[in-house]
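Structure first, then comments.
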Amino acid sequence: MKKSKIVEGAYEARDFFKDLGGKKRHLYFVAAPIYDEKGEIVAAIETLQDVSKEKEMEVSLTEHAETLRNELEENISLRERIEDLSNYLQSILDSSPDRVFNVSSNGIINYMNKDLENGDGFISHHVKGKHYMEVVAPEIMDITLAKWEDVKRGIYTPYEVQVNSRDGSKRTLLMTPCPVKGTDSYLYVQRDITEFKNLERKFYESQKLAAVGQLAAGIAHEIRNPLSSIKMSLQILEKRMRPSGNDSKRFKIAQREIDHLEKLVNDILIFAKPSEPQKEPSNIKRILEHALAMVEKSVSDKEIHVRTRFEENIPPIEVDPAMLEQSFINVYLNAIDAMEAKGELCISAKLIDDGVKSVLVEVEDDGCGIDEEDMPHLFNPFFTRKKYGAGLGLTQVKKNIDLHQGVLKILSKKGKGTTVMVTLPIEQKRVNGESSHL
């Protein structure tokens, strides 16, 4: 029993009876004193109320509240798990090297897993909520539209597009569409396969070069022995006949042409069976100077002015000095052939650091330059514009530089001269050679 909160001075109590009148009952008692004029208790009044229904309702509400609380806790826990799963899936998408788009059936881009960059095939960095036709780059508009029509017809064939980067280079993107189950939208996965395509191209080029090399080597072997016999016979005939005048000149011309053919055969055999570089710590300045000494007569004949500029702090690099020397001889001879008399040849070497410490060698001439349409073919075997030569010089130079994990670039403009740039890493790292024009 406790003091009543309803009646002042009264007391109240609640009790439960398992069997009262044949029923379970909850009763509520209130007892209040009656006072006389002197303020003394002379009697009491007591009320009894059956509150079974109210108690049942209270229990029911308590149970319902407990149920709601449990459901709320379960919903909160479920929401947390859903958020964790969503964050986990988003983390997977963010970590993917591929870009993922969700496009509705009416062409609206609903989702993209990472920000766009220049060269991703779009003209805007903000594409969510926009129709793809508003933001696709012009150079891939036609193929994108055609493939979108295929997708709407249920044809989900991966396709490649080439897009322009900010630096002017081309990038190849593989686009893979597929439907999203249970919706009327589509998923596009965009993968940059530029490096893969470059490797693929290099692989096929190497296969082609290997086949050409084997064929050329076979022909060269067949030519070498008869050529040696012709040369020997010509020398014997010259000694016996002792020709003079025009006949002597003809013998000299024939011998010179045989020497040229022998060099051509040797070049083909070297190209067909390249040797692995025998690397050792070498002084790049000494290699460049030795190569220059080997072309001294050609320089002198044309009165070429040679300027050299070598940094003094270049450390020794692990290279095959003989292989590199032959490569630079070829580069020098090409430069000399391209120049008129009294031209200028500039040779420099310096340290650079573009993430990899390297030595940059530049050979610059002020000769006739190279036609723009010839630039993509400079490293192709047997490609040449010279009257004499096998067209293997630059091919062999590039192969040698690649064997040293270097980069060979050629910058040229018709009538303005040519610059050959050779980068040789001090820290070994695989890189690719390429050519470009100014």
Subset of the stretch 338-371 [out of contact with any His (no Cβ under 6 Å at 6 or more places or on another chain) and of a type in the set (D, E, K, R)]: Glu340, Lys342, Lys350, Asp353, Asp354, Lys357, Glu362, Glu364, Asp365, Asp366, Asp371
Those residues that are more than 29 Å from Ser298 (Cα to Cα) and in a strand (DSSP E or B), I need them from the stretch 352-363; list them, please. Ile352, Asp353, Lys357, Ser358
May I ask you to list the residues in the stretch 53-91 that are charged (D, E, K, R) and more than 30 Å from Arg14 (Cα to Cα)? Glu71, Glu73, Glu74, Arg79, Glu80, Arg81, Glu83, Asp84
Failed condition for Ala349, given (1) surrounded by fewer than 19 Cβ atoms within 10 Å (Cβ to Cβ); (2) part of a strand (DSSP E or B), with all others met? (1)
Looking at (1) surrounded by 12 or more Cβ atoms within 10 Å (Cβ to Cβ); (2) at pLDDT 90 or above; (3) not in a helix (DSSP H, G or I), can you tell me which one Lys147 breaks? (3)
Go through Glu73, Glu12 for me and flag whichever is touching a Ser or Thr at 6+ places or on another chain (Cβ under 6 Å), surrounded by 10 or more Cβ atoms within 10 Å (Cβ to Cβ) and at pLDDT 85 or above. Glu12
Can you pull out every residue in the stretch 309-339 that is at pLDDT 90 or above, over 22 Å from Leu394 (Cα atoms) and not charged (D, E, K, R)? Phe310, Ile314, Pro315, Pro316, Ile317
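The values are calculated or read from the model by the stated rules, or taken from the named source; none is laboratory data. Predicted model, so just to flag it, every value in this text is computed and none were measured. When we count neighbours, we look across all protein chains shown, and the Cβ atoms used for this are built from the backbone with ideal geometry, even at glycine.
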